[in-house]
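**Student:** The structure under discussion is supplied below as C-alpha cells; questions concerning it will follow.
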Amino acid sequence: MYASLVPTSAEMIRFLPELILTVVATLFMVLDPLLGRQSRHVYGHFSILALLGAMAAAVYVYRDPGAAFSGMLMVDGFATFFRVVVIGVGILTVLPSYRYLDREDAETGEYHALLLFSIVGQCVMVTANELIMIFIGLEISSIASYVLAGYLRDDRRANEAALKYFLLGSFATAFFLYGVALIYGMTGSTNLATVRRAILGGSLGSAPIFIGVAAALMFVGLGFKVSGAPFQIWAPDVYQGAPTPVAAFLSAGPKAAAFAIFLRIFLTAFQPIGPGWEPLVWVSALASMTLGNFAALTQSNIKRLLAYSSIAHAGYVLVALAARSNVGTAAAMFYMAAYAFMNIGAFAVVSHLSGKGERYLKVEDFAGLGAKQPGTAALLSIFLLSLIGVPLTGGFFGKFYIFKAALDSHLVWLTVLGLLNSAVAAYYYLRILVMMYMREPGEAASRIQPLTPGLRAALVLPALGTLVLGIFPGWVLDFAGRSSVFVR
Amino acid sequence: MPTSYAETYFPVLLQAVIAMAVAAGMLGASYLLGKRVRNRVKDMPYECGIEPTGSARERFSVKFYLVGMLFILFDIEAIFLYPWAVVYRELKMFAFLEMLVFIVLILSGFFYIWKKGALDWGETGERRFRKP
Amino acid sequence: MNAVPLSWYLTLSGVLFTLGAAGFLFRRNIITVFMSIELMLNAVNLSFISFSYAFRRVDGQIFTFFVMVVAAAEAAVGLAIILTVFKNRNTLNIDDLNSMKDEYQPAQPEEASETAPVSVP
C-alpha cells in the first residue's frame, strides 16, 4: 500500500526549483565558515546563478504540469506564475544587497543562505495543494525572514523590527494552524480539493459553523501575513527597522506568496462558502486601502511611508479577492507581479540614497536628487508613477484589471471607494517627486555615491519590468487568465 | 466491565485521593509528633551536606542557553525517525535514500555550528563566536 | 470502554488557545508573550491529536510532529532575537520597544518650517 508513496522521476522534476535552491543554500551554510572574508561576493554571484537556474527550472517544469508527492504539490500555471515572481523578487533583492552589505560591513554568506531558504519556503507555499504543506512552506519562509529582518545584530531598530515581526508572525501562524486543525477535524483531510468536496457534499452534520470558524481563523492568519487591515500594525515598524533590501524583499516576496495561498485556499477549498467570507474580505480591503493611504500622508520617514503604501496596495489585491472570480484572480496575479517590480525598485533607490547606517531616510532627503543623479531620479519617478497608477506603467493596468474585476462582480461601492483612495495616494507619491525635482540638493543628495553595477541592475531591471507590464500587459495577463481557474 | 464514563475513571480518582491522603498524613504526623528546633544552620538550603556558597540567583553564561537550544533543535529532528522506521520496510531503498538526504542536511547544520564555534567553550571559541 | 468524548479535548484545546491568545495580547514580558505563542501551538497540537485519535488514523499525529519541529525552530530563532534585543537595551518589557515611533516626534517643527515657502532661489 505504500508503493504509491515513492515519487516518480516526473514528480521529482516538478520539485526541481526548490531542490536547486535548497542545495545551494545548504552549500552556502557549509562554505560560510570555511571561506574567508575576501570571497564575500562569491555568495551573491552564486545566489543569482542559483535563482536564475531555479527560475529556468520553474518555467521548464511547467511543460509537464501536474501533481507531485501524492497530490501535496500541484505544479500548475498559478504555481508557476508565482514561483517565477518570488524567484524574480529574490534576484532583485540580491542585486542591491551587494552594496548594502559592503556598506554596513555585514557577513554575506549567512545573508544569502537565509534569503535562498526564505525563497524555497515561498516556492513551496505557492506550489502546495495541501494545508500542512502550505504551513511548512509558510514557516520556512517566515523563520528565515525573521532572522533577515534583524540581520544587523547591533542595530537597535533592526532588533526591534525582528522581534515585532517574529512575535506577530508566529501569532498569525498559530491562528492559521488552528484553522488547519479544524478543517482536518471536520473534513478528515487537508487536501484543498478534498476539503472542497467535503464542504460541497454537505455530509458534515453540525460542521458548517466550524468550517466558518476555520475560514475566519485562516483569514486572520493570512491577513497578518499580507499586512491587510486590521492586522497591519507590524508592517510599518518592521519595514522601517529592517535593512532596506530586506524590507524590499519582505514587501514583495513573502507577501506575493501569502496572497498566492490566500487565493488558492479561499477560491478552492472555501469557494463553496464564498458569500460567507466575502464581507470579511470586503471590509478588510477597504480598511487596508483607507488606513494605509491616510497614514502614509503624514509620514516623514520614507521606509515607513512605503510600508503604509504597501498596506494600501494589499488592500487593492484584497479587492480582487473579494471579487471571487477568475478575472479577479488573474488581476491579483498581474498586480502582484507589477507591485513586486515597482516596490523593489523604489526600495533599491532608498537603499542607495540612505548612505552608511541608513542615515538619510527622510522624505526631505530626496531633495535635489534629480539634479545630482538624474538617472536614479528618473528611474525612481517610473516606480512612483507606477505606484500611483499612471498609464503606461504596470501599476496602472494592475489597478485597472482589479477594479474591472470588482465591477464585474458588482462590487460597485468598493470600486468607487478604492478609486477615491488611489487619488489620495497620488498625493504622497507626488510629494517625493516634487522633492526630487523642485528642491535644492540637500546633504543626502550631495553625498550620494555613484551607482555600482549591482545597484544599476537592481534599478534598471525593475524599471524595465514596470514599463513592459505597462505597455504590453497582454501576454502576462493572458497567462494569468489561463492559470487562474482553480476549479474546473 | 465499567460501562459509564465516570466509572472508567473511578480508579484514577481513587488513586488521587489516596495519594493526597498519604501526603497529608505524613505532613500532619510530623507536625504533630516531631519537635521543632529553629536555628541558622537549619534554615539554610540543603545542598547535599555541603555548606552553600553565594546566591542561587546568579547569571549564567549565555553558552548554556546556546547549547540547550541547539540540543532541542537536534533532539526534535530525531522525531522524524519514528514514522520513518514504521514504513521503512515497505519503502525499501527509497526510504533509505530519503533518510540519507535528511541526515546529510542535519549534518550540514551541525557542521555549520561546529565550525562557527558555537560548541567551543574555551577562549578561542568565544572569540570566534563574537567575531564581528 | 467509553473514552473521554472528543468534544472535551476540543474544548480544552480551544480554551488553551484562547488563553495563549489572551496572554499574547495582555502580558508585557517578552518571554511570557513568547510562551503564550507556544501555548497556542500546543493547543493546536492537542486538536490534531484528538482528531487523529477519533478518526483512528495517524496522519494527525504526523502533522503534530511537523508542528513541534517548526515550533522548536521558531523557539531557537525567537530566543536568539530576544537575546539580541536584551543585549542592546537591557529590558524585556514590550512597552519599551518603541524606538521607531519616537523618532517622529521631533519631525513636527521641521514640517512646520517646511511649509514656509522655501522657494528655489
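The values are calculated or read from the model by the stated rules, or taken from the named source; none is laboratory data. None of the values given here were measured: they were computed from a predicted structure. Positions of Cβ are backbone-derived with ideal geometry, glycine not excepted, and every protein chain shown enters the neighbour counts.
**Student:** When only residues in the range A:292-309 that are surrounded by fewer than 19 Cβ atoms within 10 Å (Cβ to Cβ) and away from every other protein chain (no Cβ under 11 Å) count, which is farthest from A:SER354 (Cα to Cα)?
**Tutor:** Going through the qualifying residues, I end up with A:PHE294.
**Student:** Here's a follow-up. Pull up the range A:398-454, narrow it to residues that are under 30 Å from A:TYR360 (Cα atoms) and among the polar types (S, T, N, Q), then point me to the one that is surrounded by the fewest Cβ atoms within 10 Å (Cβ to Cβ).
**Tutor:** Applying the filter and picking the extreme gives A:SER446.
**Student:** Quick one: would you say A:GLY188 is out of contact with any Leu (no Cβ under 6 Å at 6 or more places or on another chain) and more than 14 Å from every other protein chain (Cβ to nearest Cβ)? Outline the logic, then answer.
**Tutor:** Working: out of contact with any Leu (no Cβ under 6 Å at 6 or more places or on another chain): yes; more than 14 Å from every other protein chain (Cβ to nearest Cβ): no.
The answer is no for A:GLY188.
**Student:** Can you name the residue in the range C:51-72 that is over 24 Å from the mean Cα position of the chain (by Cα) and buried (at least 19 other Cβ atoms within 10 Å of the Cβ) and, of all such residues, is farthest from A:ALA181 (Cα to Cα)?
**Tutor:** Restricting to residues being over 24 Å from the mean Cα position of the chain (by Cα) and buried (at least 19 other Cβ atoms within 10 Å of the Cβ), the top hit is C:SER52.
**Student:** Just name the residue that is nearest to C:VAL70 (Cα to Cα) out of those in the range C:1-20 that are hydrophobic (A, V, I, L, M, F, W, C) and within 8 Å of chain A (Cβ to nearest Cβ).
**Tutor:** C:PHE17
**Student:** For A:ILE132, are the conditions met, namely being within 12 Å of chain C (Cβ to nearest Cβ), closer than 23 Å to C:GLY60 by Cβ and surrounded by fewer than 24 Cβ atoms within 10 Å (Cβ to Cβ)?
**Tutor:** In short, yes.
**Student:** Which condition from (1) more than 15 Å from the chain's Cα centre (by Cα); (2) in contact (Cβ under 8 Å) with a residue 40 or more places away in the chain; (3) crowded, with 24+ Cβ neighbours inside 10 Å is the one that A:GLY90 breaks?
**Tutor:** Single failed check for A:GLY90: (1).
**Student:** Provide a single number: the residues in the range C:1-23 that are at pLDDT below 95 and aromatic (Phe, Trp, Tyr).
**Tutor:** Qualifying residue count, the range C:1-23: 2.
**Student:** Separate question: Inspect all residues belonging to the range A:64-74 and state whether any of them is part of a helix (DSSP H, G or I) and under 30 Å from A:GLU110 (Cβ atoms).
**Tutor:** no
**Student:** Could you grab me the full set of residues in the range A:168-187 that are surrounded by fewer than 24 Cβ atoms within 10 Å (Cβ to Cβ) and in contact (Cβ under 8 Å) with a residue 60 or more places away in the chain?
**Tutor:** Hit for the range A:168-187 is A:LEU168, nothing else.
**Student:** Spot the failing condition for C:PHE26; the list is (1) in contact with a helix residue (DSSP H, G or I) (Cβ under 6 Å, 6 or more places away or on another chain); (2) within 30 Å of A:ASP237 (Cβ to Cβ); (3) modelled with pLDDT of 85 or more; (4) not charged (D, E, K, R), and only one is missed.
**Tutor:** Failing condition for C:PHE26: (1).
**Student:** Need the failing condition index for A:GLN232 against (1) in a helix (DSSP H, G or I); (2) away from every other protein chain (no Cβ under 13 Å), just the number.
**Tutor:** Failing condition for A:GLN232: (1).
**Student:** While we're here: Can you confirm whether C:ILE30 is in contact with a strand residue (DSSP E or B) (Cβ under 9 Å, 6 or more places away or on another chain), surrounded by 19 or more Cβ atoms within 10 Å (Cβ to Cβ) and at the interface with another protein chain (Cβ under 9 Å from one of its Cβ atoms)?
**Tutor:** yes
Residue by residue, here is whether (1) more than 17 Å from A:MET74 (Cα to Cα); (2) assigned to a helix (DSSP H, G or I); (3) more than 10 Å from chain B (Cβ to nearest Cβ); (4) at pLDDT below 90 holds:
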| site | (1), (2), (3), (4) |
| --- | --- |
| A:ALA10 | no, yes, yes, yes |
| A:PRO17 | no, yes, yes, no |
| A:THR22 | yes, yes, no, no |
| A:PHE28 | yes, yes, no, no |
| A:LEU35 | yes, no, yes, yes |
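**Student:** If I ask for residues that are surrounded by 22 or more Cβ atoms within 10 Å (Cβ to Cβ) and of a type in the set (A, V, I, L, M), which ones from the range A:93-129 would you list?
**Tutor:** Within the range A:93-129, A:VAL94, A:LEU95, A:LEU101, A:ALA113, A:LEU115, A:LEU116, A:ILE119, A:VAL120, A:VAL124, A:MET125, A:VAL126, A:ALA128 meet the criteria.
**Student:** Just give me the residues in the range A:146-158 being assigned to a helix (DSSP H, G or I) and within 10 Å of another protein chain (Cβ to nearest Cβ), in sequence order.
**Tutor:** Initially, the range A:146-158 is screened for residues assigned to a helix (DSSP H, G or I), giving A:146-149, A:156-158.
Selection gives A:TYR146, A:VAL147, A:ALA149, A:ARG156, A:ARG157, A:ALA158.
**Student:** Moving on. Are there any helices (runs of 4 or more DSSP H) wholly within the range B:4-117 with 1 or more residues that are more than 27 Å from A:PRO33 (Cβ to Cβ), within 14 Å of chain A (Cβ to nearest Cβ) and modelled with pLDDT under 90, and if so which?
**Tutor:** The helices (runs of 4 or more DSSP H) meeting that bar are B:81-91, B:93-115.
**Student:** For A:ALA161, all conditions in the list (1) more than 14 Å from every other protein chain (Cβ to nearest Cβ); (2) farther than 22 Å from A:MET29 by Cβ; (3) aliphatic (A, V, I, L, M) hold save one; what is the number of the exception?
**Tutor:** Just one mismatch for A:ALA161, condition (1).
**Student:** So which pairs qualify, if the first residue must be in the range C:63-81 and within 16 Å of C:SER36 (Cα to Cα) and more than 9 Å from chain B (Cβ to nearest Cβ), the second must be surrounded by 19 or more Cβ atoms within 10 Å (Cβ to Cβ) and of a type in the set (D, E, K, R), the Cβ gap must be under 9 Å, and the two must be at least 6 apart or on different chains?
**Tutor:** C:VAL70/A:GLU139; C:GLU74/A:GLU139
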